[in-house]
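None of the figures in this text is laboratory data; all of them are computed from the coordinates on show. All values derive from a computational prediction rather than experimental measurement. Cβ sites come from the backbone with ideal geometry, for glycine too, and all protein chains shown count toward neighbours.
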Amino acid sequence: MQIFKIKTLLLIMALPLSLSAQVQTIPLYDEVPPFSRMLLEKDEIGEGGRVTKVAVPELTIYSPQEADANQMAILVCPGGGYGLLAIQHEGHDIGRWYSERGYLVAVLKYRLPQEDLVDQSWEVPLNDARQGIRKLRENAEKWNIDPEKVGVLGFSAGGHLASSISVHGEEARGGKLSSRPDFSILVYPVISMDTAITHQGSRKNLLGEKLGTAWEKYFSNETQVNPSTPPAFLVHSWDDKAVPAENSIRYAKALNQFNTKVELHLFEKGGHGYGMGNKESHGNAASWIEMSDEWIRGLFRR
């Protein structure tokens, strides 16, 4: 009887784990990633688990419980100024939150524009993000997602990447699936390379030797919005000292000019780099994630 009680107790203690999201990590590419110059044996990890050099670009998939699945998917792009990836609080924490609400979430560990590791470094993060969207659509049946309900979410420089794929996502062609997302969630995003409002570190890290060339306009995403750019939900705070709120304002105005659905939330306080945030430190800005969930569902509500 005592053994039975112990086994029962252990089963009950394990139950919450069995009910949580299923997690798996897969390589982004089936072969050697394009633009590779030098391959590392493993990632280089800095303070707080931040990734400073990526050995192999990957997707960490957070799958919801079957009963909760809403057939929507989100590719999450962590920030870090294109110099590192804040992959915990702007990646895995986010993946867990949305998966608990029925989304399949893929946290993208994308390669940074580091010239010692990759060729054409300024193109590499965008190429990885395109592949991430395609990978989700490629596995749509297997992962129980609707290929026409695949979005992207990004923070800071990851927000720049998310908006870049929104304006520069490619149509399906030549046997390749479309890499354009169906919606975007942009949280305190870098949008522009305009020196008056950009995040200087992100601009320098991304463009490198291409500073002062046509690539600056290409990656000033407020100038690249077009009729095919997907709807967006944007979050910024007036007291953001790293990335001015004007980035989000310009992108929202550009979308509105094409009558594209856009929702912009400008909070009094919140600062920068808070991920999900909390009410005590970030005020109403911490409510953005619940608001984004409702906004996404509204896009596809019939």
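In the stretch 133-151, the residue that is surrounded by the fewest Cβ atoms within 10 Å (Cβ to Cβ) out of those that are touching a residue at least 24 places away in the same chain (Cβ under 8 Å) and not in a helix (DSSP H, G or I) is Glu148.
In this structure, is Trp97 aromatic (Phe, Trp, Tyr), closer than 26 Å to Ala285 by Cβ and surrounded by fewer than 20 Cβ atoms within 10 Å (Cβ to Cβ)? Taking the combined requirement at face value, the residue satisfies it.
Could you list all residues from the stretch 199-217 that are touching a helix residue (DSSP H, G or I) at 6+ places or on another chain (Cβ under 9 Å) and of a type outside the set (A, V, I, L, M, F, W, C)? Result: His199, Gly201, Ser202, Arg203, Asn205, Gly208, Glu209, Lys210, Thr213, Glu216, Lys217. Give the stretch 167-205 a look and list any residue that's outside any loop (DSSP other than H, G, I, E, B), under 27 Å from Tyr274 (Cβ atoms) and in contact (Cβ under 8 Å) with a residue 40 or more places away in the chain, or say none. Passing the criteria: Val167, Phe183, Ser184, Ile185, Leu186, Val187, Gly201, Ser202, Asn205.
Scan the stretch 206-218 residue by residue and report those that are part of a helix (DSSP H, G or I) and either closer than 23 Å to Glu90 by Cβ or not basic (Lys, Arg) (or both). Don't jump to the end; show me each part of the working.
The first filter runs over the stretch 206-218 and keeps only residues part of a helix (DSSP H, G or I), leaving 206-210, 215-218.
Across the stretch 206-218, the qualifying residues are Leu206, Leu207, Gly208, Glu209, Trp215, Glu216, Tyr218.
Of all residues in the stretch 111-132, those that are in a loop (DSSP other than H, G, I, E, B) and either at positive phi or under 18 Å from the mean Cα position of the chain (by Cα) (or both) total 4. One residue alone among Tyr98, Tyr29, Tyr62 is assigned to a loop (DSSP other than H, G, I, E, B) and within 29 Å of Pro147 (Cβ to Cβ), and that residue is Tyr29. Just one residue in the set Ser287, Ser292 is more than 18 Å from Gly158 (Cβ to Cβ), surrounded by 15 or more Cβ atoms within 10 Å (Cβ to Cβ) and among the hydroxyl-bearing types (Ser, Thr, Tyr); that residue is Ser287.
Yes/no per residue for (1) closer than 22 Å to Asn127 by Cβ; (2) under 14 Å from the mean Cα position of the chain (by Cα); (3) without any contact (Cβ under 8 Å) to a residue 24 or more places away in the chain:
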site	(1), (2), (3)
Gly49	no, no, no
Thr52	yes, no, no
Ala55	yes, no, yes
Ala67	no, no, yes
Trp97	no, yes, no
